[in-house]
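Read the structure below first, then the notes.
The values are calculated or read from the model by the stated rules, or taken from the named source; none is laboratory data. Not measured: the values here are computed from a predicted model. Using ideal geometry, Cβ is built from the backbone for each residue, glycine included, and neighbour counts are taken over all protein chains shown.
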Amino acid sequence: MTMADTKVADKSDADAALKVIDCDVHPTVRGGLSAVYPYMPKAWSRRFEQKKASVQSVALTTKYQHPNGAVVREDARDENGNVGGSDPRVVVSEHIKPCNIDFALLNCLQAASLCAALATTDESIILASAFNDFFLEEWLPADRRLRYALTVASLDPQAGAAEIRRIGRHPQVAAVGLPLINVLMGNRYWWPIYEAACDFGLPIYVHPSGADSIYQGGPMACGGIPDSYFERYVTLCQIAESNVNSLVCCGTFEKFPGLKVMFAELGFTWLLPLLWRMDRTWRQLRHETPWVKKSPIDYVHDHIRFTTQPLDEPGNPRHLGQLIEMMGADHLCFSSDYPHWDNDMPSQALQMLNPGDRQKILYGNAEKILRLD
Amino acid sequence: MSSITKEKSQPAQRFDVGKVEDFPVGKFRIVQCEGRQIGIIRMDDGDVHAVLNRCPHKGAPVCKGIVGGTWPPSAVGELGFERDGYVLTCPWHGFEFDLSTGAELFQERPMRLRKYRATIEGGSVFILL
């Protein structure tokens, strides 16, 4: 079995006409926590200064460090040598413009990992708000194509809901970034956040935070503790699988009929067998969870989307197209993961699909789920 | 399980499968009739139902399943209970069937039990095959 040829394709005229929403772009706060100190009360900034909290505290442990040194591409540095994704103007000039991207959803992993596992509950509430205000002030005015997944403090759902109500009306806020913890998403623990998200017409956006499968309190992949970056990376999708199942089995979409969820960078080629298994089991044991009133396949179709990066690469690329045809192109939204190493670019992604399905994945599906005022 | 012979004085497809009192209320008794295993059950309202002892899903002896009720679609965290005595749950894969209609419960495209017409006449249970 061979891997697909992944060379970057030249952009054709047809591609230039495609509309694109990139559902996963990572901004990096240069300087880490110190950059957001101006956006929090002095008592808290002095506390973080005194305990010497810094962006280094967000780094992965040694065994999960990227074997090539960093997940951020070295070639994404700007002309001054700044780390990729740390300047909104560079993100626009180096990614959004050349890729003809209409909207790019910003998703900050520094804030997410702090909120998921690295900070205390009180710290995470302060940090979520500080990071959010930092992006609203220092990034979003740079370009209207930039959209933002605000971060909520997962460890206190009431505070998370309050944060949505505080800044959820901002016209460039398009989603609620929910850093996952070891409470599955169907648990009613999350209801305050879902209620607020629905009130503001915002989808819940889930992405690996960096705490997953590493830190106690973060969500864990199945079976045990992985032993390398490679091993951890491959099994992160299990976290999404468990959470999709949980959302459906707990009746979340009956409780919140307007709720939409986007799983980002957690894969999708596992979805079809999961749907089959959920559907069969529901038909057999429906009465255990009578609030699941229709097939799980229908709930997932109506409420959940998955971003495409990192695309799996079967030796015959048409096999991926066949899988997407089987599961339905409605479920997928394009993402690049810029400026990370394992990116997909819109000009090369999913070329095996028919133009209609490809355009749905590159733009139309995300347009329906993100709040793009 | 008892074996039934064709009742020659009756129409060709009508079979006497036993005395009413031989069929307990709320519980299947399986009879052999024309080479088929057929479950007979009396209901507490006096009706009697006859069901082919073969699940339409994967061929299980469905009449050996649970006869009870079901928990119908409900709001999150709430639990109702209905159709007590009129739901047959297959012992293999748990599919639920409405004994009155034979239809799988709460499905847009339900599977159906193979049912036969059953009556009580003169103290005996008759089925039409």
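Does segment B:23-44 include one or more residues that are under 19 Å from A:Val292 (Cβ atoms), charged (D, E, K, R) and either in contact with a Lys or Arg (Cβ under 6 Å, 6 or more places away or on another chain) or at pLDDT below 95 (or both)?
No; the residues of segment B:23-44 include none that is under 19 Å from A:Val292 (Cβ atoms), charged (D, E, K, R) and either in contact with a Lys or Arg (Cβ under 6 Å, 6 or more places away or on another chain) or at pLDDT below 95 (or both).
What are the residues in segment A:248-303 that are in a helix (DSSP H, G or I), more than 8 Å from chain B (Cβ to nearest Cβ) and in contact with a strand residue (DSSP E or B) (Cβ under 8 Å, 6 or more places away or on another chain), if any?
Across segment A:248-303, the qualifying residues are A:Leu271, A:His303.
Would you check which residues across segment A:80-99 are assigned to a loop (DSSP other than H, G, I, E, B) and surrounded by fewer than 16 Cβ atoms within 10 Å (Cβ to Cβ) and list them? Please lay out each step first, then the result.
Just the residues of segment A:80-99 that are assigned to a loop (DSSP other than H, G, I, E, B), to begin with: A:80-87, A:97-99.
A:Asn80, A:Gly81, A:Asn82, A:Lys97, A:Pro98 - these are the residues of segment A:80-99 that are assigned to a loop (DSSP other than H, G, I, E, B) and surrounded by fewer than 16 Cβ atoms within 10 Å (Cβ to Cβ).
Give me a count of the residues in segment B:83-110 that are acidic (Asp, Glu) and either more than 14 Å from chain A (Cβ to nearest Cβ) or over 18 Å from A:Arg283 (Cα atoms) (or both).
Step one: filter segment B:83-110 for residues acidic (Asp, Glu), giving B:84, B:96, B:98, B:104, B:108.
When the remaining residues are screened for being either more than 14 Å from chain A (Cβ to nearest Cβ) or over 18 Å from A:Arg283 (Cα atoms) (or both), the result is B:84.
Total satisfying the criteria: 1.
Tell me which of these A:Ser347 doesn't satisfy, since it passes every other one: (1) surrounded by fewer than 20 Cβ atoms within 10 Å (Cβ to Cβ); (2) closer than 18 Å to A:Leu271 by Cβ.
Among (1) surrounded by fewer than 20 Cβ atoms within 10 Å (Cβ to Cβ); (2) closer than 18 Å to A:Leu271 by Cβ, A:Ser347 violates only (2).
Quick grid of which residues meet (1) of a type in the set (S, T, N, Q); (2) over 11 Å from the mean Cα position of the chain (by Cα); (3) away from every other protein chain (no Cβ under 14 Å); (4) surrounded by 18 or more Cβ atoms within 10 Å (Cβ to Cβ):
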{"position": "B:Arg29", "(1), (2), (3), (4)": "no, no, yes, yes"}
{"position": "B:Arg36", "(1), (2), (3), (4)": "no, yes, yes, no"}
{"position": "B:Gly39", "(1), (2), (3), (4)": "no, no, yes, yes"}
{"position": "B:Asp44", "(1), (2), (3), (4)": "no, yes, yes, no"}
{"position": "B:His49", "(1), (2), (3), (4)": "no, no, yes, yes"}
{"position": "B:Gly65", "(1), (2), (3), (4)": "no, no, no, yes"}
{"position": "B:Gly77", "(1), (2), (3), (4)": "no, yes, no, no"}
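I'd like to check something: does segment A:48-58 contain any residue that is farther than 16 Å from A:Gly210 by Cβ and either surrounded by 16 or more Cβ atoms within 10 Å (Cβ to Cβ) or touching a residue at least 40 places away in the same chain (Cβ under 8 Å) (or both)? Before you say what the answer is, go through the steps one by one.
Just the residues of segment A:48-58 that are farther than 16 Å from A:Gly210 by Cβ, to begin with: A:48-52.
The next check asks that each one be either surrounded by 16 or more Cβ atoms within 10 Å (Cβ to Cβ) or touching a residue at least 40 places away in the same chain (Cβ under 8 Å) (or both); those that pass are A:48.
Yes.
Name the residues in segment A:298-312 that are buried (at least 19 other Cβ atoms within 10 Å of the Cβ) and either free of Cβ contacts under 8 Å to residues at least 60 places away in the same chain or hydrophobic (A, V, I, L, M, F, W, C) (or both), would you?
Our first condition is that a residue be buried (at least 19 other Cβ atoms within 10 Å of the Cβ); within segment A:298-312, this holds for A:299-300, A:303-309, A:311.
Correct list: A:Tyr299, A:Val300, A:His303, A:Ile304, A:Phe306, A:Thr308, A:Leu311.
Considering A:Ala130, A:Ala149, A:Ala117, which residue is over 19 Å from the mean Cα position of the chain (by Cα) and either under 22 Å from A:Ala197 (Cα atoms) or not polar (S, T, N, Q) (or both)? Please lay out each step first, then the result.
Details: A:Ala149 fails: over 19 Å from the mean Cα position of the chain (by Cα); A:Ala117 fails: over 19 Å from the mean Cα position of the chain (by Cα).
Sole residue among the options that is over 19 Å from the mean Cα position of the chain (by Cα) and either under 22 Å from A:Ala197 (Cα atoms) or not polar (S, T, N, Q) (or both): A:Ala130.
Is there a residue in segment B:111-129 that is within 12 Å of chain A (Cβ to nearest Cβ), crowded, with 16+ Cβ neighbours inside 10 Å and at negative phi?
Initial filter on segment B:111-129 (within 12 Å of chain A (Cβ to nearest Cβ)): B:111.
Restricting the remaining residues to those that are crowded, with 16+ Cβ neighbours inside 10 Å gives none.
Among the residues of segment B:111-129, not one is within 12 Å of chain A (Cβ to nearest Cβ), crowded, with 16+ Cβ neighbours inside 10 Å and at negative phi, which makes the answer no.
Tell me yes or no: at least one residue of segment B:89-102 is under 19 Å from B:Gln13 (Cα atoms) and modelled with pLDDT of 95 or more. Outline the logic, then answer.
Start the filter on segment B:89-102 by keeping residues that are under 19 Å from B:Gln13 (Cα atoms), which leaves none.
Checked against the condition, which is being under 19 Å from B:Gln13 (Cα atoms) and modelled with pLDDT of 95 or more, segment B:89-102 yields no hits at all.
Among the residues of segment A:253-265, are any of a type in the set (A, V, I, L, M, F, W, C), under 24 Å from A:Glu195 (Cα atoms), modelled with pLDDT of 95 or more and touching a Pro at 6+ places or on another chain (Cβ under 7 Å)? Reasoning before the result, please.
Quick first cut of segment A:253-265, residues of a type in the set (A, V, I, L, M, F, W, C) only: A:253, A:256, A:259, A:261-264.
Okay, now just the ones that are also under 24 Å from A:Glu195 (Cα atoms), so A:253, A:256, A:259, A:261-264.
After this cut, where a residue has to be modelled with pLDDT of 95 or more as well, the list is A:253, A:256, A:259, A:261-264.
The next check asks that each one be touching a Pro at 6+ places or on another chain (Cβ under 7 Å); those that pass are A:261-262.
Yes, because at least one residue in segment A:253-265 is of a type in the set (A, V, I, L, M, F, W, C), under 24 Å from A:Glu195 (Cα atoms), modelled with pLDDT of 95 or more and touching a Pro at 6+ places or on another chain (Cβ under 7 Å).
Check A:Ile126 against each of (1) touching a strand residue (DSSP E or B) at 6+ places or on another chain (Cβ under 8 Å); (2) of a type in the set (A, V, I, L, M, F, W, C); (3) farther than 16 Å from A:Arg30 by Cα and name the one condition it does not meet.
Unmet condition: (1).
Being more than 10 Å from every other protein chain (Cβ to nearest Cβ) and either closer than 16 Å to A:Arg286 by Cα or in contact (Cβ under 8 Å) with a residue 40 or more places away in the chain (or both) is the filter here; which residues of segment B:51-63 pass it? Let's see the steps before the verdict.
Start the filter on segment B:51-63 by keeping residues that are more than 10 Å from every other protein chain (Cβ to nearest Cβ), which leaves B:51-56, B:58-63.
Listed by number, the residues that qualify are B:Val51, B:Leu52, B:Arg54, B:Cys55, B:Pro56, B:Val62.
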